[in-house]
1. For the range 84-93, give me the residue count where each residue is touching a residue at least 60 places away in the same chain (Cβ under 8 Å) and within 16 Å of ligand 3 (Cβ to nearest atom).
2. Would you tally the residues in the range 1-29 being under 21 Å from the mean Cα position of the chain (by Cα) and touching a residue at least 40 places away in the same chain (Cβ under 8 Å)?
3. So for the range 419-433 (the condition being more than 30 Å from residue 64 (Cα to Cα) and part of a loop (DSSP other than H, G, I, E, B)), does at least one residue qualify?
4. Scanning the range 228-248 for residues that are charged (D, E, K, R) and in a loop (DSSP other than H, G, I, E, B), which turns out surrounded by the most Cβ atoms within 10 Å (Cβ to Cβ)?
5. Is one or more of the residues making up the range 170-185 modelled with pLDDT of 95 or more, closer than 23 Å to residue 231 by Cα and either away from ligand 2 (no atom under 16 Å from the Cβ) or open to solvent by 40 Å² or more (accessible area, probe 1.4 Å) (or both)?
6. So, in the range 1-36, of the ones that are assigned to a helix (DSSP H, G or I), of a type in the set (S, T, N, Q) and under 28 Å from residue 427 (Cβ atoms), which residue ends up least open to solvent (accessible area, probe 1.4 Å)?
7. Restricting to the range 271-298, count the residues that are open to solvent by 40 Å² or more (accessible area, probe 1.4 Å), closer than 24 Å to residue 181 by Cβ and among the aliphatic types (A, V, I, L, M).
8. With farther than 29 Å from residue 66 by Cβ, assigned by TED's automatic domain parsing to the domain that holds residue 71 and more than 16 Å from ligand 3 (Cβ to nearest atom) as the only criterion, which of 144, 127, 107, 101 stands out?
Amino acid sequence: MDTDRLLRELTDFLRIPSVSTSASHNADCRAAAEWVAGELRRLGCREVQFLASGTHPVVWGVGPEVPGAPTLLVYGHYDVQPPEPLDEWTTPPFEPTVRDGKLFARGAADDKGQVFCLLKAIEGRGGRPPVNFRFLIEGEEEYGSRVLFELLRREPERTRADAVLIADMAYIAPRWPAVYTTLRGLCYAEISVRTAKSDLHSGEFGGAAPNAHEELARLLGRLKTPDGKVHVPGLYASVKRPSKVELATWKRLPFREGEFLKHRVQAKALTGLKAYSVLERLWALPTFEIHGITGGFTGDGAKTVIPAEATAKVSLRLVPDQKLKTVERQLVAAVRRFAPRHVQASVTFLHGADPATVKVTHRAFQLLDQAFREVVGRGTVPARAGGSIPVVPALGKGGAPVILTGIGLPDDRLHAPNEKLDLKQLWDGIRVFGRFYELLGSMGVG
Ligand code: BES
Ligand code: MN
Ligand code: MN
């Protein structure tokens with residue numbers, strides 16, 4: 001493997017600041033899409049198209065025809081999360097840097113580095129891949145995948161395949177590759193409160209006028225009890241507990257709660273429903289998180305003002321068998337119920353995703369397991385994921401098995417400063433997927 005060249009090419013991809021959640025990066029998202037399209041053309045794709053959006057195109061590719069071989073749909077995303085806070089990065093997020101065998105950059109693990117693996121694993125076969133490839137590499141995953149959703153609703157035949165492969169997650173621990181059986185869903189919203197026509201002098205009015213921040217804080221406080229239960233009426237009604245068998249298998253995974261607290265969370269204590277194991281809290285229970293609060297005075301110095309408006313960005317993670325639409329209604333009802341009459345409260349939904357469940361019994365999973373065993377010395381363990389990939393339920397609708405896996409490590413710091421990908425994971429990943437494609441091609445599916 002020409003690792004120098006590969007590293008240079010991945011560096012070019014990572015240099016593009018394709019932050020999908022901010023319109024100021026629209027041109028960069030388009031540039032990242034061009035990069036992907038260029039790769040697909042170099043792989044000999046018969047068809048390479050930009051679909052559905054001028055600013056964040058879905059890159060669609062159809063690989064060379066391989067008669068008699070199964071069709072594999074590869075999904076991934078070229079967009080990344082915002083890099084802030086910038087001053088916490090040791091080297092800048094869009095100047096990829098290798099330190100200590102790790103490649104540091106926004107997108108190194110989520111998901112550009114992994115998309116890179118999936119594509120580079122096809123190279124070097126004289127343009128004759130072992131399976132019929134279809135590619136859907138989108139640019140809005142980190143923003144809810146609205147464009148791709150619409151596209152798949154209009155053109156569901158795009159997902160027709162014998163299997164779908166997604167590498168957008170991590171090993172469960174170093175040297176422990178995994179396949180994921182569920183993803184959590186997401187309901188992302190802004191909760192705003194207005195308490196007066198405009199801001200007021202806190203000396204003239206303080207003591208007698210309502211304060212938007214105070215009302216918002218109280219409202220948010222009521223949405224979760226101190227012991228960690230999300231206080232949205234009805235929320236838990238459809239939550240199914242994992243079976244005893246599944247819970248027992250989690251006990252055998254290389255996961256220690258104490259170590260998770262000390263090395264991953266790096267806080268003083270874990271929170272949440274103490275009656276459930278940490279893995280159950282991360283994988284099989286809904287959450288409510290506050291991401292940020294705006295409004296009032298946050299500039300330098302001091303200003304004595306009573307804010308009239310305040311907004312919180314919040315999200316709930318959903319688990320099988322919760323439904324996004326239901327949870328949206330439940331959140332609106334809870335906010336209405338908990339806001340006092342003199343407060344005007346509103347909820348705006350920014351994006352969302354239904355939770356996903358995949359069965360991992362299909363033959364294709366055994367082939368991936370074998371590829372990992374051959375390359376890294378251990379097969380895949382089934383696990384669940386706490387994160388979300390909005391289009392997964394839609395990709396599975398045609399009945400093809402959706403293989404959720406990844407070559408990252410749990411300490412890759414997705415969405416956080418100093419995101420990285422271990423180079424060993426990268427090189428192994430290319431070999432693993434290359435071997436998987438071969439096995440799929442020679443053994444077929446079904
Ligand atoms: N790759 C992640 C999803 C993920 C992370 C799955 C960790 C499993 C473990 C993906 O890029 C992501 O961050 N998704 C967002 C979706 C949202 C913005 C709609 C998420 O989970 O917050
Ligand atoms: Mn991702
Ligand atoms: Mn992500």
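The values are calculated or read from the model by the stated rules, or taken from the named source; none is laboratory data. None of these values were measured; they are calculated from a predicted model. We place every Cβ from the backbone using ideal geometry, glycine too, and count neighbours over all the protein chains shown. In case anyone asks, the SASA skips ligands and DNA or RNA and just uses the protein heavy atoms, side chains included. Shrake-Rupley method; radii C 1.70, N 1.55, O 1.52, S 1.80 Å.
1. Final tally of qualifying residues: 1.
2. Here is the first cut: in the range 1-29, the residues under 21 Å from the mean Cα position of the chain (by Cα) are 10, 13-23, 25-26, 28-29.
Next cut, touching a residue at least 40 places away in the same chain (Cβ under 8 Å) only: 10, 13-22, 29.
Going through the range 1-29 one residue at a time, the tally reaches 12.
3. Yes, the range 419-433 contains at least one residue that is more than 30 Å from residue 64 (Cα to Cα) and part of a loop (DSSP other than H, G, I, E, B).
4. At the first step, the residues of the range 228-248 found to be charged (D, E, K, R) are 229, 240-241, 244, 246.
This time we only want the ones that are in a loop (DSSP other than H, G, I, E, B), so: 229, 240-241.
Values: 229: 16, 240: 11, 241: 12.
Among residues in the range 228-248 that are charged (D, E, K, R) and in a loop (DSSP other than H, G, I, E, B), the one surrounded by the most Cβ atoms within 10 Å (Cβ to Cβ) is 229.
5. Kept after step one, since they are modelled with pLDDT of 95 or more, are these residues of the range 170-185: 170-185.
So of that shortlist, the ones also closer than 23 Å to residue 231 by Cα come out as 183-185.
Now narrow it down to the ones that are either away from ligand 2 (no atom under 16 Å from the Cβ) or open to solvent by 40 Å² or more (accessible area, probe 1.4 Å) (or both): none.
No, the conditions are met nowhere in the range 170-185.
6. Within the range 1-36, the first condition is being assigned to a helix (DSSP H, G or I), and the residues that meet it are 3-15, 23-36.
Next, from what is left, pick out any that are of a type in the set (S, T, N, Q): 3, 11, 24, 26.
Right, trim to under 28 Å from residue 427 (Cβ atoms) and you get 3, 11.
Values: 3: 49, 11: 21 Å².
Looking at the filtered set, the residue picked out is 11.
7. So the count comes out to 2.
8. Details: 144 fails: more than 16 Å from ligand 3 (Cβ to nearest atom); 127 fails: farther than 29 Å from residue 66 by Cβ; 107 fails: more than 16 Å from ligand 3 (Cβ to nearest atom).
That would be 101, the only listed residue that is farther than 29 Å from residue 66 by Cβ, assigned by TED's automatic domain parsing to the domain that holds residue 71 and more than 16 Å from ligand 3 (Cβ to nearest atom).
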